[in-house]
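S.K.: Dumping the structure here so I can ask a few things about it.
The values are calculated or read from the model by the stated rules, or taken from the named source; none is laboratory data. These numbers come from a predicted model, not from an experiment. A quick note on method: Cβ atoms are made from the backbone with ideal geometry, for glycine too, and the neighbour counts reach across all protein chains shown. Side chains are part of the model used for accessible areas, which takes the heavy atoms of the whole protein and leaves out ligands, DNA and RNA. Shrake-Rupley method; radii C 1.70, N 1.55, O 1.52, S 1.80 Å.
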Amino acid sequence: MSDTILELRGITKTFPGVKALDEVSFELRRGEIHALMGENGAGKSTLIKVITGVYQPDSGQIFLDGKSESIRGPLDSQRLGIAAIYQHVTCYPDLSVAENIYIGHEKAHPVTRKIDWKELHAKASELLRSLDADFGSRSIMGGLSVAQQQIVEIAKALSTNARIIIMDEPTAPLTKRESEDLYRIAEALRDRGVSIIFISHRLEDMYRLASRVTVFRDSRYVGTWSVDSISRDELIVAMVGRSITQLFPVRKVSIGEEVLRVESLSRTGFFKDVSFSLRKGEILAMTGLVGAGRTEVCEAIYGITRADSGRVFLSGEELKAAHPSEALRLGIGYLPEDRLKQGLVLEWAIATNVTLPSLERFSRLGWMDRRREDAKAKELAERLEVKANSVHDLVATLSGGNQQKVIVAKLLTGDMKVIILDEPTKGVDVGAKTAIFNIMNELAAAGYGIIMVSSEMPEVLGMSDRIVVMREGRVSAILETSSATQETILGAAMSAAETERA
Amino acid sequence: MAERSISVDRPRGLRTFFLQWEWLLVLIFVVVNVINSNLSPYYLNLGSLVGSTNAFLDMAFLVLPMTFVIVLGCIDISVASTVALSAVIMATSFNAGLPMPLAMALCLVVSTACGLVNGLILVKFKELPAMIVTLSTMIVYRGIAYVILEDQASGHFPNWFSFLGWGSIGPLPFILIAFAACAVLFGLLLHKTSFGRKVFAMGNNLTAARYSGIKTDSVIVAVFALTGLMAGVTALFLTSRMGSTRPNVAQGYELAVIAMVVLGGVSTSGGSGRIGGPILAIFIIGYLTYGLGLVNIKANVLLIIIGSLLILSVLVLNLRFGKGHRRPASPNAKMIAAGKAPDAKL
Ligand SMILES: Nc1ncnc2c1ncn2[C@@H]1O[C@H](COP(=O)(O)OP(=O)(O)OP(=O)(O)O)[C@@H](O)[C@H]1O
Ligand SMILES: [Mg+2]
C-alpha cells in the first residue's frame, strides 16, 4: 500500500470576487501529523471544506488511497473516513455529549426506528475514556469548556471511524495546559494510525507536533517541508512573503497618570478582591490559567455583568451604571473573547459592524451618515490589513483571522481612554499579529491605557509594562515586566499543587 | 501601512436588484388587480381603487411598528386588544363629558401605556418569551375593555370626528394620506437612522449588540411603546369609520397584521426585512378583500386565500431567498443558530 492516503491536485475554488484556492496541491501520508499554515485568508479553511465536501472545487482532483474521488457532501466524506473539527466548535449546546457525538449517524433499530440511547451512551463513554476525558457522556454540551467540547468533537470523529482527522485552529482558544492535552490526544491518534491535518498559527504547535508542514500564501501552494528541515525564519518568509525580524514593536513608553483603578472587585463564584490600577500609556497584561477569572473581571469592568462589591474608577470618577453603553461613553472599550457570538453580526458588512459601538458618532440627530461610516471603515480596514475587496463585504465571508481584525477595528472608531483586549491575537497570523501589536503600541503612545488578557507567554512578556497574574479568581501577583520571567509568572499562576503536577 | 486598498462599493447589479422579494409582491399585486378587474366591471376605476383604501387602511398603521417588532425577533399579539381598550376608553370618557380632542389624546396615551407595559415586562423578566407576555396582556387588555363597557356599544361622537375615517382631501382619502406619511416616517426610522440600525443589530445577534454598547432594553421598550402608540392611531381611525365602538372591535387584527408583515418578507427569526414588503402586502390583502367583496365571495374563502398566500410566501422565501441569507459556511450557521437560542427568548 502506498504511503499517501490523501492527495489533492490543482484544486481551485472561487467565491464571487475572491479566488480562495488557486491550483493548490496537498499530500497527506498515512499516520502523520501534517501542519497546514499560512496567513489569514490564505485558504486553509477553504481547503478543509473542499476535503469534507462542504464546498465543491471549481477544478482539481482528490485522490484517496490513490483512487480519484469526488466528495459531494459531508456524508460522502464521512463514508470515506474523513472528519473535521472546524475552526469554531459547532455543537448543540442544549444536548448531551453522547447526543452531540452521535447526531447525524445515530444507529436506529432497523424496524422500530428507535434509538438505543443506553448503547450509545455506553459507546460514547468508552470513546471519552480512550481520550482521557474528565467528563461523562451525559454532561450537557453547553456546560463544557471549549477544550472539553473539542474532545467531544474528536470523539465524534472517532465514532465515524475516521482515518483522516482535520483540525482547524484547535489550539487557538486553548490555554497552554489544554493545548498540551490536545497534543497528547493527537499523538495517540497518530499512533493508532489516524492521519491528521493540523491548522494553526502557532509555530510552537507545529514544531511540537507535526512531522511535515505545508504552507499556503495568497490562495496558492508555496511548499511542503519536513519540520526538522525548516527554520522558524524560513517558515515565516514562506508564509508572509517577507521576513519578520521583530514580532514585538519597540515600545515607546511614556506612562502618565492613573486612568483606571479597580478596588477589591468581587463577584461570588467568579472572582474576589481584585484590585489593580492602570495608567495612561501603559499596557497591562492579565494572565493566568483558564478559569482564573480574567474574562469575568474584564466583563465586570465593562459592565456586561455586575460585580457584587468593589468599585471601579475611571480618571478618578466612579463607574456606577453597569452597562457597556456607560463604559463606552466614558471611554472604556472591550474586545470580547468569543468573536462570533459577542463580537460580530455575521450577516452584516464590515462597515456596519465596525461602527456598531459608536453609531452616535456616525449619525446626526439619529440620521446615519453612511458616507462617513464607509470612509471610517475603509480607513480602519486598510490600517489593519483586512483581506477584503470592499467594506460592504459580509463579515461571514471573511476568514477567521480577518473577522478578528474587524472586531479590533470596532474599538478604534471612538475616543477611548481604556481598551481591554481579551486574547486579541487568538487565531491571527504572524503578520497581522505584528499589525495588532503595532496598533497597541501606537495607542499606548497616544495615551490610551491598555489591558491585554493573554495566555501567550511571549506576548505577555514582549508587549506589556506590568503583568497582573490571576489564580482561582484572585490576583496572585502583580509583576513588573522588566523583571518578570516565564517561571515567575507560571509560579504565580499555578497553585502549589498544580506546580507539582506540571 | 495600507498595502492593499479596500473599496467602498456596494454589491450592485441587475441580478441582486431583481431578485428581491418585493418584485414578487408587485407581481402578486398586479395579478390581484387583474383578476379583480375581470371579476367585476366596477373594479378597475382609479376613483374606487383609491377610495376603497379606507376600508382596510386602519389596521395598516399597525403593520409599520409590527415590522420593527418582528425585525427585533419579537412578536406582539396584544395589539388588537390595545386597539379595543383605547377605543373603549376614548368613547366612555367622551360620553362621560371629556371634550373629544382630549378623549382622542387619552386614547393615544392609553394605547402607548399598553405598549409600554409590554416592553417593560419583557425587559424586566427576560426569561419570558414575547409570545407569552403579549398573549397575557392581550387577554388582560381585552378583559379591561369588557369590564368598562360590558357588551355595549358607545358612540355619538361629534360629526367632525368622522372625517378621520371618511373624509378626503381632494381626491385622496384622509386615511391614505395619513398612512402614507406614517409609512415614510417609519421607513426612514427603520432604514436610515441609528435607531433602526440598532433594531436590526439586535434581531441578528442580541449578544453582540449588547457587547457593542447598545441599550438593548431601551430599544425593546421603545419599539413596544411605539407599537402601542400606533394601536391608538388605529383605534382613532377605526372608531371614526365605525361611528361607535364595542369591546370586541378589531378582533383578529393581530393575526392579519402579523400575516402582512411576514408576507412582506420580514423573517420571523429577526434581523432582516425591508419596510416596503409589508406595505405592499397591506395593499395586496386589502385589494384582494375589496375585490372579492365586490363579487360577493365569502369572507371565509378570503381567509383561505390569505392563509395559502402566507404559506406560499414563507416557502418561497425559504427556498429561493433563504439560500442567500444563510451563512456560507454552514458550520458557522449551525453554531450561531445554536448560540442564539438562549437569546431568542425575547
Ligand atoms: N463563503 C465565502 N464567500 C466568499 N468568500 C469566502 C468564503 N469563504 C472564504 N472566503 C474567502 O476566501 C479566502 C480564504 O478564506 P479561508 O477561510 O480559507 O482562510 P484561512 O486560511 O482559513 O484564514 P484564517 O487563518 O484567518 O482562518 C478569504 O479571502 C475569505 O474571505
Ligand atoms: Mg481559517
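S.K.: Could you compute the net charge surrounding residue A:42? Neighbours are other residues with a C-beta less than 10 Å from the C-beta of residue A:42; K and R count +1, D and E count -1.
M.R.: Values: positive: A:44, A:217, A:220, A:387; negative: A:39, A:218, A:429.
So the surrounding residues net to +1.
S.K.: Moving on to the next point. In Å², what does the accessible area per residue of chain B work out to with a 1.4 Å probe?
M.R.: Result: 44 Å² per residue.
S.K.: If you look for lysine pairs in the range A:270-382 that are eight or more places apart or on different chains, how many of them have Cα atoms under 25 Å apart?
M.R.: Values: A:272/A:320; A:280/A:320; A:341/A:376; A:341/A:378.
For the range A:270-382, the number of qualifying lysine pairs is 4.
S.K.: Near the amide H of residue A:453, under 5 Å away, which other amide H atoms are found, from residues 5 or more places off or on another chain, if H is placed in the peptide plane?
M.R.: The list, which skips near neighbours in sequence, is A:286, A:421, A:422, A:423.
S.K.: Take peptide A:299-306, look around each residue's Cβ out to 10 angstrom, count Cβ atoms belonging to other protein chains, and average those counts.
M.R.: 1
S.K.: Something else about it: Of the heavy-atom accessible surface of chain A (probe 1.4 angstrom), what whole percent is carbon and sulfur?
M.R.: Numbers: 9840 of 20220 Å².
Carbon with sulfur: 49 percent of the solvent-accessible area.
S.K.: What per residue convex hull volume, in Å³, comes out for the range B:52-337 when only alpha-carbon positions are used?
M.R.: It is 142 Å³ per residue.
S.K.: A further question follows. Run through every distinct alpha carbon pair of the protein assembly as shown and return the Kirkwood hydrodynamic radius in angstroms, one decimal place. Don't jump to the answer; show the numbers that get you there.
M.R.: Numbers: mean 1/r = 0.0334 Å⁻¹.
Roughly 29.9 Å, rounded to one decimal.
S.K.: So what are the radius of gyration and Dmax for the Cα set of chain A, in Å?
M.R.: Gyration radius and largest Cα-Cα distance of chain A: 23.5, 75 Å.
S.K.: Now, a different point. What is the distance in Å between the Cα centres of the range A:81-96 and the range A:411-457?
M.R.: 30
S.K.: So who's got an amide H within less than 5 Å of the one on residue A:218, skipping anything under 5 residues away but keeping other chains? H placed 1.01 Å off N, in plane.
M.R.: Residues meeting the amide H criterion: A:39.
S.K.: Below 13 Å Cα-Cα, how many Lys pairs turn up in the range A:1-137? Only count pairs eight or more apart in sequence, or on different chains, if you could.
M.R.: Eligible lysine pairs with Cα atoms under 13 Å apart amount to 5.
S.K.: Still on this structure, I have one more. Checking buried surface per residue: for the range A:353-371, which residues lose a minimum of 20 Å² accessible area in the protein assembly relative to the chain alone (1.4 Å probe)?
M.R.: In the range A:353-371, residues shielded by partner chains: A:356, A:359, A:360, A:366, A:367, A:368, A:370.
S.K.: Rounded to a whole number, what % of the accessible area of the range B:52-337 do carbon and sulfur atoms account for, probe 1.4 Å?
M.R.: Reported share for carbon and sulfur atoms: 71 percent.
S.K.: Sticking with this one: Under a point-charge model restricted to the Cβ atoms of Lys and Arg (+1) and Asp and Glu (-1), what is the dipole moment magnitude of the protein assembly as shown relative to its Cα centre, in debye to the nearest 20?
M.R.: Dipole size: approximately 1620 debye.
S.K.: What are the ³J(HN,Hα) couplings of the range A:101-107, residue after residue, when phi is run through the Karplus curve with 6.51, -1.76, 1.60 and θ = phi - 60°? Round to Hz, x for glycine and proline.
M.R.: Along the range A:101-107, the couplings run 5, 9, 4, x, 9, 5, 8 Hz.
S.K.: Taking the range B:52-337, how many lysine pairs are there with alpha carbons less than 29 Å apart, if each pair must be eight or more places apart or span two chains?
M.R.: For the range B:52-337, the number of qualifying lysine pairs is 13.
S.K.: Of the candidates B:299, B:256, B:183, which one comes out as most mobile in a Gaussian network treatment of chain B with C-alpha springs shorter than 10 Å?
M.R.: B:299
S.K.: Over chain A, give the accessible area per residue in Å² for a 1.4 Å probe, as an integer.
M.R.: Accessible area per residue, chain A: 40 Å².
S.K.: Sorted by average packing, counted as other Cβ atoms within 10 angstrom per residue and highest first, what order do A:346-353, B:85-92 take? The partial results should precede the final answer.
M.R.: Details: A:346-353: 24.4, B:85-92: 27.6.
The peptides rank, most packed first, as B:85-92, A:346-353.
S.K.: Can you compute 3J(HN,Hα) from phi for each residue in the range A:132-144, using the Karplus curve 6.51 cos²θ - 1.76 cosθ + 1.60 with θ = phi - 60°, rounded to whole Hz and x for Gly and Pro?
M.R.: These are the phi-based 3J(HN,Hα) values: 6, 6, 9, 9, x, 6, 9, 4, 7, 3, x, x, 8 Hz.
S.K.: Moving to a separate point now. Can you give the mean number of other chain Cβ atoms that lie within 10 Å of the Cβ atoms in peptide A:324-337?
M.R.: So the per-residue partner count for this stretch is 2.
S.K.: Could you run the numbers on buried accessible area between A and B, total for both chains, 1.4 angstrom probe, in Å² to the nearest 100?
M.R.: Summed over both sides, the interface buries about 4700 Å².
S.K.: In the Gaussian network model of chain B, springs joining C-alpha atoms below 10 Å, which of B:171, B:11, B:247 carries the largest mean-square fluctuation?
M.R.: Evaluated over chain B, the most mobile residue of the options is B:11.
S.K.: Please list A:124-135, A:154-165, A:217-228 highest first by mean number of surrounding beta-carbon atoms within 10 Å per residue.
M.R.: Per-residue Cβ counts within 10 Å, averaged per peptide and sorted highest first, yield A:154-165, A:124-135, A:217-228.
S.K.: Rounded to whole Hz and in sequence order, give me ³J(HN,Hα) for the range B:222-233 from the Karplus expression 6.51 cos²θ - 1.76 cosθ + 1.60, θ = phi - 60°, writing x for Gly and Pro.
M.R.: With the stated coefficients, the range B:222-233 comes to 4, 5, 5, 5, 4, 4, x, 4, 5, 5, x, 4 Hz.
S.K.: List the residues, sorted by chain then number, that are 5 or more residues from residue A:29 or on another chain and whose placed amide H is less than 5 Å from its amide H.
M.R.: Under 5 Å from the amide H of residue A:29 lie the amide H atoms of A:5, each far enough along the sequence or on another chain.
S.K.: Given a Förster distance of 25 Å, report the FRET efficiency between residue A:14 and residue A:242 from their Cβ-Cβ distance, rounded to the nearest 0.05. Please report the intermediate quantities before stating the final value.
M.R.: Working: r = 26 Å, r/R0 = 1.05.
So the FRET efficiency works out to roughly 0.40.
S.K.: Can I ask one more? Which whole number gives the average, over all residues in B:211-222, of C-beta atoms from other chains lying within 10 Å of the residue C-beta?
M.R.: 6
S.K.: Using a cut-off of 13 Å between beta-carbons, work out the net charge of the residues near residue B:266 (Lys and Arg +1, Asp and Glu -1, residue B:266 not included). Don't jump to the answer; show the numbers that get you there.
M.R.: On the way: positive: B:274; negative: B:22.
Once positives and negatives cancel, what remains is 0.
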